[in-house]
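Working notes for the structure below.
Laboratory data are not the source of any read-out in this text; all were calculated from the coordinates shown. Every value quoted in this text rests on a predicted model; they were computed, and no experiment measured them. Methodologically, a virtual Cβ is constructed for each residue, glycine included, from the backbone with ideal geometry; neighbour enumeration extends over all protein chains shown.
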Amino acid sequence: MEIGTVGIVGAGQMGNGIAHVFALAGFDVVLADVSQDQLDAALALIGKNLDRQVAREKIDADARDAALARIRVTTELSEIGPSDLIIEAATERETVKQAIFEDLAPHLKPDTILTSNTSSISITRLASRTDRPEKFMGLHFMNPVPVMQLVELIRGIATDEDTYRTLLGVVDKLGKTAASAEDFPAFIVNRILMPMINEAVYTLYEGVGSVQSIDRSLKLGANHPMGPLELADFIGLDTCLAIMNVLHEGLADTKYRPCPLLTKYVEAGWLGRKTQRGFYDYRGETPVPTR
């Protein structure tokens with residue numbers, strides 16, 4: 001199937017990045033969100049990020065203007081129904097994602113491909129709640145989307161070969177690299193990454209090291225570009241906790257038990273950069289460890 005139009009549900013951190021890369025690659029994009037303010041903020045951020053690419057000579061001004069012209073926004077979910085490809089990029093809660101696909105169902109074309117940007121939830125289970133499980137896949141982008149090269153492709157048990165091949169072609173057209181993963185909790189990247197972050201939180205919880213010493217140890221001792229606690233703040237502690245819960249429940253192994261300190265931070269509403277406080281306090285000029 002030839003993909004020309006792309007509908008994206010959710011204009012948050014992931015959704016606006018996905019809209020950015022698709023528009024830049026020549027796709028017509030409709031970005032939907034329940035909040036007009038969120039849509040306005042997404043357009044402003046996409047413009048800012050495109051300007052940064054122009055300044056760094058990654059793209060020219062004409063490419064930036066053409067990309068912005070390809071993006072349309074709406075608060076009406078039905079308006080993305082006629083798209084060739086739909087990418088759900090809403091919050092990492094299964095009930096929310098299921099409700100979106102159910103609301104979309106009456107507005108879809110017969111051959112529309114449905115995908116989810118979920119970082120951990122079962123693709124097979126999400127697909128089973130739609131009228132086209134054979135045309136449903138996981139299309140998991142990394143954050144920040146315009147910068148990160150990888151896209152995880154996850155086939156559900158019913159996904160057909162044509163859908164998989166079509167999405168391989170889409171990833172290639174975006175100039176990104178696909179990694180195929182089986183439909184098991186958290187797939188590949190987060191199956192490995194999140195337990196490392198969770199272990200870093202346990203290391204803090206047990207007093208083995210401070211926030212600063214833990215992050216410094218992994219940056220300088222393992223050559224990681226960001227420390228695990230700094231990275232957790234960047235991802236969002238609520239997202240980290242949600243993925244650990246999926247791993248713990250889906251694999252029934254105590255090694256995936258979320259650290260109580262991670263749970264406590266989420267209960268406090270200290271979710272990282274997006275709330276200005278997490279393992280670091282971002283309200284001043286320089287981030288300050290909170291523990």
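Note on residue 36 and residue 168: their simple-model spin labels are 4.5 nm apart, each label 7 Å out from Cα toward Cβ. Of all beta bridges that DSSP places with both ends in the chain, some 25 percent have antiparallel geometry. Helical runs assigned H by DSSP (4 residues or longer) give the chain a calculated mean residue ellipticity at 222 nm of -14000 deg cm²/dmol, each run adding -39500 (n - 2.57) before division by the residue total.
On a per residue basis, the convex hull of the C-alpha atoms belonging to region 18-169 measures out at 106 Å³.
With r defined as the distance between the Cβ atoms of residue 253 and residue 74 and R0 fixed at 35 Å, what FRET efficiency is calculated, to the nearest 0.05?
0.25
The overall shape of region 52-134, judged from the alpha-carbon gyration tensor, is prolate: a/c is not under 1.5, and a/b is greater than b/c. The HN-Hα couplings worked out from phi for region 10-23 by the Karplus form 6.51 cos²θ - 1.76 cosθ + 1.60 (θ = phi - 60°) are x, 10, x, 3, 7, x, 5, x, 5, 4, 4, 6, 5, 5 Hz, whole numbers, x standing for Gly and Pro. Binning the C-alpha pair distances of region 112-175 at 10 Å intervals from 0 yields a P(r) profile of 24, 53, 22, 1 %, listed from the shortest bin outward.
A Förster radius of 35 Å, combined with the Cβ-Cβ distance separating residue 182 from residue 2, puts the computed FRET efficiency at roughly 0.80.
For residue 24, neighbours were defined as the other residues whose beta-carbon sits under 10 Å from its Cβ, and their charges (Lys and Arg +1, Asp and Glu -1) total +3. Starting from the Cα of residue 234, step 7 Å toward the Cβ, then list every residue of region 242-285 with an amide N under 15 Å from that point. The answer is 272-274, 279-280, whose backbone nitrogens lie closer than 15 Å to the label point. As a length-normalised measure over Cα pairs under 8 Å and 6 or more apart, the relative contact order of region 191-289 settles at 26 percent. Here residue 189 and residue 61 are evaluated by their C-beta separation; at R0 = 41 Å the FRET efficiency comes out at 0.75.
Of the trypsin sites (Lys or Arg not before Pro) found in region 57-87, those that fall in a DSSP loop while having at most 13 other beta-carbon atoms within 10 Å are 58.
Here the Karplus curve 6.51 cos²θ - 1.76 cosθ + 1.60, taken at θ = phi - 60°, turns the phi angles of region 171-182 into couplings of 4, 5, 5, 6, x, 10, 10, 8, 10, 8, 10, 6 Hz, with x standing for Gly and Pro.
GNM remark for the chain: springs join alpha carbons under 10 Å apart, and the peak mean-square fluctuation among 14, 137, 226 falls on 226. Among the chymotrypsin sites (Phe, Trp or Tyr not before Pro) within region 18-121, not one is in coil by DSSP while having at most 13 neighbouring Cβ atoms inside 10 Å. Here the gap between residue 283 and residue 267, fully extended at 0.36 nm per residue and compared with their Cα-Cα distance, gives a gain of 3.8 nm. Remark: relative contact order (region 5-181) = 21 percent; criterion is Cα-Cα distance under 8 angstrom and separation of 6 or more residues. Distant-in-sequence amide contacts of residue 280, defined by a placed amide H-H separation under 5 Å and a gap of 5 or more residues or a different chain, comprise 290.
Its alpha carbons give region 191-289 an Rg and a Dmax of 12.9, 42 Å.
The value obtained for the chain, namely the Cα convex hull volume divided by the number of residues, is 134 Å³ per residue.
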